[in-house]
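Take a look at the structure below.
Derivation of every value follows stated rules applied to the coordinates shown; laboratory data play no part. Just so you know, these numbers come straight off a predicted model, no measurement behind them. We place every Cβ from the backbone using ideal geometry, glycine too, and count neighbours over all the protein chains shown.
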Amino acid sequence: MAHPKTDPHPDHLLNHVSGRWLGARSGRTRANVNPADTTDVIGEFAESGAAEVTAAVDAAAGAQAAWDAEGPIGRAKVLSAAVRLIEERAEEFARAVTREQGKRLSESRGEVKRSLAILDFTLGEARRINGVTTPAEEPRTMAMTFRRPLGVVGLITPWNFPVAIPMWKVAPALVSGCTAVLKPSPLTPWTSALLVAAFTDAGVPPGVLNLVQGDREPGEALVADPRVAGISFTGSLPVGRAINRAGAGRLLRTQLELGGKNALLVLADADIKEAVDAIVHGAFGQSGQRCSATSRVVVDRAVKAELLDALLPRVAAMRVGAGTEEGADIGPVVNEERMRACLDAVDSARTTGARIACGGEAAECATLGHYVQPTVLTEVPWDSEIAQEEVFGPVLSVIDCDGYKDAMRIANSVRYGMSGTVFTRDPALIFQALQDFQAGMLHVNRPGVGAYAHLPHMGAKASQLGAPECSPEVWDFYTDLRSACIRY
């Protein structure tokens, strides 16, 4: 079956409400700028407010009953057409991600591939949104549980994975029978528009998936609208807390995936070469701009010198450049604010005793962009600010430890708990670490970032509140569980 192509042009990015592309009612717009080349203004996009959110929630509420009536298998059949469309448009998606977010083109292509895997997994789960039958206490009675869609949900997504994170919210929301209002980051509006266009072209009915562009104002309006039954948010801890507080009075259901300050432990018996490969990938891949990034290496003093001798030349040799530049190993950070935050964090770390072993400054490149040198700090006190708080950039802290217990104490000393990684050859310590890490996604002898499309993406402590994403458990957010007793 042929599908027409909706082409949201990057020069003027609009909201998508009830099947129509619309500007902000105020006429306000915001510039979308390429972080690798700030002279490249990609276009203007709608700067929306509460009025646009009200219209989008109106549309979602109006479409919800009919979408629910399709049933999960019918809904999955509609969404399955989006798989082929996104596959056909994969290069367009990847180049949009690189141009407006900055990551290397190979990384953008990998993100699109992961997004398709997430969609494929979620569609398969449509046949398993089930309950259970249980014995009844009375004769001629059946007892059972089943799930019903939550209703209208607000999906608030960040800029660092502008295809994958919207996908792992939109796909289960729609399969479950919810209707949705997607509010993406104002730094990546084009990619979000392309994703909504693909679902629209696949046959998702008007009002089922709506897009509202903008910054804080539409996000706050989504949380405040009493018709929105749930908010799924990925972003910073302060914003997540604000959402939770704002919705608490009306018992708003929330799914919050927040920050990380992830540790990779290098024990005395570790394979140093493999550990260095994992550190470079985890700390500097995607310019360190992911919640699961390796931002701390906790290394046994017995192998610290060996590790640094192998790590520092690798990092110093990394080439910084635009995501489309041949041979570039690391792209820009997303904007000037993020660049300044990285450099300020490094400067502050020096005042607490840290030493800059590599990098530490803005990088000069062929284009005028937001480039930061990949940076390694050594002699970092375990309880200093740089070792405790998220930097969200290509800045790695190396912290000394004395053995496994000290390493795990340092790893768990932060308020976050997104990811934890250990390198060791000792089978007993491998399984002990899995018990001891206070983190949601654990890795052994491999890079400590993310997980597979069918494994829960989740954190512990201040990194997560609510059901995990990318897993069968996601239905605990998007659906309500009901019980029924049937006399016959």
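Go ahead and estimate [θ] at 222 nm for the chain from helices alone: -39,500 (n - 2.57) per DSSP H run with n ≥ 4, summed, over the residue count, rounded to 500.
Helices in the chain give a 222 nm mean residue ellipticity of -12000 deg cm²/dmol.
Which order results if 191, 200 are arranged by neighbouring Cβ count within 10 Å, fewest first?
Least crowded to most crowded, the residues run 200, 191.
Under a crude label model (7 Å from the Cα following the beta-carbon direction), how far is residue 246 from residue 405 in nanometres?
Result: 4.7 nm between the two label points.
As a footprinting exposure proxy, order 185, 26 by other Cβ within 10 Å, with the fewest listed first.
By the 10 Å Cβ count, ascending: 26, 185.
Per the Cauchy relation, a quarter of the hull surface: what is the mean projected area of the convex hull of the alpha carbons in segment 39-177, in nm²?
Value for segment 39-177: 11.6 nm².
Pull out the extension gain between residue 87 and residue 144, defined as 0.36 nm times the separation in residues minus the alpha carbon to alpha carbon distance; nm, one decimal.
16.6 nm
Please arrange 57, 153 by counting, for each residue, the other beta carbons lying within 10 Å of its beta carbon, fewest first.
57, 153
Among 274-280, 309-315, how do they line up by average Cβ neighbours within 10 Å per residue, starting with the highest?
Peptide ranking by packing, descending: 274-280, 309-315.
Among [x] 23.2, 79; [y] 29.6, 106; [z] 29.8, 99, find the value of Rg and Dmax of the Cα atoms in Å that was calculated from the structure presented, and write down its label.
[x]
When only Cα pairs under 8 Å and 6 or more residues apart are kept, what is the percent relative contact order across the chain? Mind dumping the intermediate values first?
Numbers: 1161 pairs, mean separation 89.2, N = 488.
Computed over the chain, the figure is 18 percent.
Which pairs break 22 Å Cα to Cα here: 113/461; 304/405; 77/103; 103/273; 183/261; 405/461?
Among 113/461; 304/405; 77/103; 103/273; 183/261; 405/461, the Cα-Cα distance tops 22 Å for 113/461; 77/103; 103/273; 183/261.
In whole Hz, with x marking every Gly and Pro, tabulate ³J(HN,Hα) for segment 355-362 from phi via Karplus 6.51 cos²θ - 1.76 cosθ + 1.60, θ = phi - 60°.
10, 7, 8, 6, x, x, 9, 5
Can you list residues whose amide H is under 5 Å from residue 479's amide H, if they're 5+ apart or on another chain and H is modeled 1.01 Å from N?
150
Sorting check: for 166-179, 317-330, which peptide has the highest mean count of neighbouring beta carbons within 10 Å, and how do the rest follow?
Per-residue mean Cβ counts within 10 Å order the peptides as 166-179, 317-330.
By DSSP, what percent of the beta bridges with both residues in the chain are antiparallel, rounded to the nearest 5?
40
With θ taken as phi - 60° and the coefficients 6.51, -1.76 and 1.60, list the Karplus ³J(HN,Hα) couplings across segment 50-64 in order, rounded to whole Hz; mark glycine and proline as x.
5, 4, 5, 5, 4, 5, 5, 5, 3, 5, 5, 5, x, 8, 5
Return the long-range amide H neighbours of residue 457 (sequence gap of 5 or more, or a different chain), with a cut-off of under 5 Å between placed amide H atoms.
Here 469, 470 satisfy the definition.
Amide H to amide H, which residues 5 or more places from residue 265 or on other chains are under 5 Å from it, using H placed in the peptide plane?
Close amide H contacts, sequence-distant or interchain: 298, 421, 422, 423.
Step through the residues of segment 99-105 one at a time and calculate ³J(HN,Hα) from phi using the Karplus curve (6.51 cos²θ - 1.76 cosθ + 1.60, θ = phi - 60°), rounding each to whole Hz and writing x for Gly and Pro.
Ordered by residue, 3J(HN,Hα) equals 6, 9, 10, x, 5, 4, 4 Hz.
Using only Cα atoms and rounding to the nearest 10 degrees, what angle (0 to 90) does helix 237-248 make with the longest principal axis of the chain?
Once rounded, one gets 30 degrees.
Going 7 Å from the Cα of residue 95 along its beta-carbon direction, which residues of segment 322-355 have the amide nitrogen within less than 19 Å of the resulting point?
322-328
Return, ordered by residue number, the residues of segment 305-333 whose backbone nitrogen is under 12 Å from a label point located 7 Å along Cα→Cβ of residue 273.
The answer is none, because no backbone nitrogen lies closer than 12 Å to the label point.
Order these peptides, 452-464, 415-427, 127-139, by their mean beta-carbon neighbour count within 10 angstrom, highest first.
Packing proxy ranking, top to bottom: 415-427, 452-464, 127-139.
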